[in-house]
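The values are calculated or read from the model by the stated rules, or taken from the named source; none is laboratory data. If you're wondering where the values come from, they're calculated on a predicted model, not measured in any experiment. Here the Cβ positions follow ideal geometry from the backbone for every residue, glycine too, while neighbour counts run over all protein chains shown.
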Amino acid sequence: MNDGGKVLVDEAKHRAGFCKVRAARRSELAEDYIELIDDLLTHQGEARQVDIAARLGVTQPTVAKMLRRLAEEGLLETRRYRGIFLTERGRAMADASRLRHEIVERFLLALGVDPDTARIDSEGMEHHVSAGTLAAMRRFLGE
């Protein structure tokens with residue numbers, strides 16, 4: 001069969017890439033929740049389960065389950081009748097995630113991608129981009 005001149009990637013490199021993607025997928029959802037909670041706290045002064053569920057298009061029980069997991073990981077704390085608050089670790093994660101998102105989005109815009117598409121695409125890409133690729137994007141942007 002004609003392979004079009006492509007060479008099969010070395011097994012170790014293939015495995016390393018696959019493992020990196022799997023790890024990014026595991027942290028992707030947590031990062032999205034943490035970043036959203038930080039945004040809600042910043043812009044609305046509070047983060048409530050109902051708001052998170054509405055913005056992510058999931059049920060409140062789904063949000064409750066994730067909040068328990070994030071609390072167990074030390075990223076947030078919930079206070080009865082007072083809402084959700086990020087720990088220092090949670091705020092650091094939100095800041096790092098937001099910075100990656102902004103760099104990827106600015107990069108896509110600089111390439112000529114329309115703003116709506118750049119926003120949506122950067123939402124997924126931010127979790128999978130390496131530090132080296134982010135650095136290259138920043139150089140491209142003149143940062």
ask   = Counting only residues that are in a loop (DSSP other than H, G, I, E, B) and touching a residue at least 40 places away in the same chain (Cβ under 8 Å), which one in the stretch 70-125 is surrounded by the most Cβ atoms within 10 Å (Cβ to Cβ)?
value = L75
query = Identify, please: which residue in the stretch 126-143 is in a loop (DSSP other than H, G, I, E, B) and of a type in the set (A, V, I, L, M) and is, among those, farthest from L40 (Cα to Cα)?
reply = L141
message = Could you go through the stretch 12-35 and let me know if any residue there is at pLDDT 80 or above, more than 19 Å from H127 (Cβ to Cβ) and either under 19 Å from the mean Cα position of the chain (by Cα) or outside any helix (DSSP H, G or I) (or both).
response = no
